[in-house]
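K.L.:
Okay, handing you the structure first.
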Amino acid sequence: NPGGPLSEAASEAYYRLGLLHKELGQLNEAEESFAKAIDNFHHPIQGELVPDFVVRAAFLIGDMRFELNRDPEALQAYRDAIAKYPEHERTPWAWYQIGLIQRRNGENVKALETFNTLVEMAKKRPGEMWEGLAKDNQRELTDVLKYKDYLNQ
């Protein structure tokens, strides 16, 4: 009986298992458990009615892939989570991680655009941890890009 109360319980159990794996540094296993948490949630409801653990699992998959340096897969996970849950409190953090991935891969102009977007988002949500981190990256990338322009003159 997909979608019954048991499937929601199984889904939450996989989420909690994922958190345990994450705490133990077992990132591949954590990613797998978070994916199973989502896969086992067969409820027809979407949007704001989706339990928070299902939403968090989507973002945590990106975090596990980020930590494992699986950048293309992490980008995909973050973008999927952002697309499904654009208003969630984890969304700016996912954007921040996307900026770090872009920076890690030498895509400084894209990364700067991402951090600029985050700094704009912070105007609506001031005082968030990611705000300062985004501003630091924005400043550093601006300096890096100005220096490159200087060298190319």
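The values are calculated or read from the model by the stated rules, or taken from the named source; none is laboratory data. If you're wondering where the values come from, they're calculated on a predicted model, not measured in any experiment. Every residue, glycine among them, receives a Cβ derived from its backbone with ideal geometry; neighbour counts consider all protein chains shown. Accessible surface is based on the protein model in full, side chains and every heavy atom, while ligands, DNA and RNA are left aside. Shrake-Rupley method; radii C 1.70, N 1.55, O 1.52, S 1.80 Å.
K.L.:
State which residue is nearest to the chain's Cα centre (by Cα) when the search covers only region 86-106 and only residues that are assigned to a loop (DSSP other than H, G, I, E, B) and over 23 Å from residue 148 (Cα atoms).
P.N.:
90
K.L.:
Of these, 60, 100, 68, which one is open to solvent by 20 Å² or more (accessible area, probe 1.4 Å), in contact (Cβ under 8 Å) with a residue 40 or more places away in the chain and among the aliphatic types (A, V, I, L, M)?
P.N.:
Sole residue among the options that is open to solvent by 20 Å² or more (accessible area, probe 1.4 Å), in contact (Cβ under 8 Å) with a residue 40 or more places away in the chain and among the aliphatic types (A, V, I, L, M): 68.
K.L.:
Same structure again: Any idea how many residues of region 116-139 are surrounded by 11 or more Cβ atoms within 10 Å (Cβ to Cβ) and either touching a Ser or Thr at 6+ places or on another chain (Cβ under 9 Å) or not in a helix (DSSP H, G or I) (or both)? It would help to see each step written out before you state the result.
P.N.:
To start, the set of residues in region 116-139 that are surrounded by 11 or more Cβ atoms within 10 Å (Cβ to Cβ) comprises 116-119, 121-122, 125, 128, 130-139.
This time we only want the ones that are either touching a Ser or Thr at 6+ places or on another chain (Cβ under 9 Å) or not in a helix (DSSP H, G or I) (or both), so: 121, 125, 128, 134, 137.
Of the residues in region 116-139, 5 are surrounded by 11 or more Cβ atoms within 10 Å (Cβ to Cβ) and either touching a Ser or Thr at 6+ places or on another chain (Cβ under 9 Å) or not in a helix (DSSP H, G or I) (or both).
K.L.:
Inspect region 65-75 for any residue being at pLDDT below 95, part of a helix (DSSP H, G or I) and on the phi < 0 side of the Ramachandran plot and give the result as yes or no.
P.N.:
Going through region 65-75, the residues at pLDDT below 95 turn out to be none.
No, region 65-75 contains no residue that is at pLDDT below 95, part of a helix (DSSP H, G or I) and on the phi < 0 side of the Ramachandran plot.
K.L.:
Examine region 35-48 for a residue that is modelled with pLDDT under 90, among the small types (Gly, Ala, Ser) and open to solvent by less than 60 Å² (accessible area, probe 1.4 Å), and state whether such a residue exists.
P.N.:
yes
K.L.:
Does region 21-31 hold any residues that are aliphatic (A, V, I, L, M) and under 18 Å from residue 52 (Cβ atoms), and which are they?
P.N.:
In the first step, residues of region 21-31 are kept if they are aliphatic (A, V, I, L, M); the result is 24, 27, 30.
Selection gives 30 alone.
K.L.:
Could I ask something else about it? With the checklist (1) open to solvent by 20 Å² or more (accessible area, probe 1.4 Å); (2) part of a helix (DSSP H, G or I); (3) at pLDDT 95 or above in hand, flag the one item residue 142 doesn't pass.
P.N.:
(3)
K.L.:
Scan region 101-132 for residues that are modelled with pLDDT of 90 or more and among the aliphatic types (A, V, I, L, M) and jot them down.
P.N.:
Scanning region 101-132 gives 101, 109, 111, 112, 118, 119.
K.L.:
If you don't mind, there's one more thing I want to ask. Look at residue 83 and say whether it is under 16 Å from the mean Cα position of the chain (by Cα) and either open to solvent by 70 Å² or more (accessible area, probe 1.4 Å) or touching a residue at least 12 places away in the same chain (Cβ under 8 Å) (or both).
P.N.:
yes
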